[in-house]
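Taking it in order: structure first as structure tokens, then the write-up.
The values are calculated or read from the model by the stated rules, or taken from the named source; none is laboratory data. All of these numbers come straight from a predicted model, not from anything done at the bench. Counting neighbours? That spans all protein chains shown, and the Cβs are built from the backbone with ideal geometry, glycine included. Surface areas here come from the heavy atoms of the whole protein model, side chains and all, with no ligands, DNA or RNA. Shrake-Rupley method; radii C 1.70, N 1.55, O 1.52, S 1.80 Å.
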Amino acid sequence: MLCCYWREDGTVCELYDMITLKTKLQQRQIDSFFGMETSAILQQFPDQKAAAIKHDLSKFYQAALNYLEKWYDFTDNNYQKNVASLALKSKFTFSHLCDAVEVLQIRGKLDMDELYDEYCVTLPRQQDVVERRAPVVEKWSTLLQGTNTPNLTAVASFLLSIPITNASVERVFSLMTAAWTDQRNRCSVELIKSEIQVKTNFEYSCKEFYTYALKEKDLLEAARSSKKYKVKKRI
């Protein structure tokens, strides 16, 4: 659905930016702006033909807006509005944190007084993190790095673990189907799980992984040994 608009590493606190997309589409439709290159091409057509093309493009904008209205909640009741401030695009306040805690319903798992102290610890670092051009997850990692902030870490972990797309789940099923073939039907669950974890979490090319593996003596020893096999005795 709408999640295809986002990067795979997008987070739930970025989803309320959908309202920005809506605003841009509305303004493009009002101004009949279809891009400078498109405008240049339209000048090559007769006026009547160009007008018809513009009409079709405007209808496309309207279809996109209708789709957004149908599938996304732009009201104040949308919980994503209350966590949007934690996308670290600007500095957040303790009030923003409290709003997120309430909407995520995790107050009972936190010490709010300690959370305030932890917020104060990270406050001087916020501006530097905000100015970084990096994914939200990486920004939070930088903000919390080297700090003793268990409550704030819990909020961030809970927030960033909320999936915004099922693409990763679908990929896991695809990888599992490719790994667990009829020819490999005696593979254990643990083996298939390990293979999927490697394929999912490692972004190395074959050459990069080879170079990495050569430096990992424990990994090489485990790969050469028979400890990785568990043979069941036949009764």
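With Kirkwood's inverse mean 1/r over C-alpha pairs for Rh, give me the Rg to Rh ratio of the chain, two decimals please.
Details: Rg = 25.0 Å, Rh = 22.7 Å.
Answer for the chain: 1.10.
Projecting the alpha carbon convex hull of segment 43-111 along each direction and taking the average yields 7.8 nm². Here the dipole of segment 70-135 is about 440 debye; that uses its Cα centre as origin and unit charges on the Cβ of Lys and Arg (positive) and Asp and Glu (negative). Taking Cα centre as origin and charging only the Cβ of basic (Lys, Arg, +1) and acidic (Asp, Glu, -1) residues, the dipole magnitude of the chain rounds to 1360 debye.
Going by average Cβ neighbours within 10 Å, how do the peptides 45-51, 144-150 rank, with the highest at the top? Don't skip to the answer; put the middle values down first.
Details: 45-51: 10.9, 144-150: 13.0.
Output ranking for 45-51, 144-150: 144-150, 45-51.
Using alpha carbons only, what's the Rg to Rh ratio of segment 45-182 with Rh from Kirkwood? Rounded to two decimals, Rg/Rh equals 1.16. Ordering 85-91, 67-73, 180-186 by mean Cβ neighbour count within 10 Å, with the highest value first, yields 85-91, 67-73, 180-186.
Return the whole-Å distance between the Cα centroid of segment 163-209 and the Cα centroid of segment 91-129. Centre-to-centre (Cα) distance: 36 Å. I need the shape label for segment 76-134. Rule: rounded when a/c is under 1.5, else prolate if a/b > b/c, else oblate, with a, b, c from the alpha carbon gyration tensor. Oblate is the answer for segment 76-134, as a/c is 1.5 or above yet b/c matches or exceeds a/b. Per-residue surface analysis assigns V189 an accessible area of about 90 Å², computed on protein heavy atoms at 1.4 Å probe radius. Please report the base-10 log of the normalised intensity I(q)/I(0) for segment 101-235, using a Debye sum with one equal scatterer per alpha carbon and no solvent, at each q in 0.22 (1/Å). Calculated log10 I(q)/I(0) at the listed q: -1.29.
Counting only protein heavy atoms and using a 1.4 Å probe, the accessible area of S205 comes to about 50 Å². Working from label points 7 Å from Cα in the Cα-to-Cβ sense, the F202 to D113 distance is 4.9 nm. The solvent-accessible area of T165, taken with every protein chain present and a 1.4 Å probe, is close to 40 Å².
Here segment 110-235 is treated with +1 on each Lys and Arg Cβ and -1 on each Asp and Glu Cβ, and its dipole about the Cα centre works out to around 1340 debye. Close Lys pairs in segment 45-183 (alpha-carbon distance under 30 Å; sequence gap of 8 or more, or different chains): 15.
Note the full-extension length gain between K193 and R28 as 0.36 nm times their separation in residues minus their Cα-Cα distance, in nm to one decimal. All intermediate terms of the calculation are to be shown ahead of the outcome.
Working: separation 165, 0.36 × 165 = 59.40 nm, distance 4.73 nm.
Computed gain between K193 and R28 is 54.7 nm.
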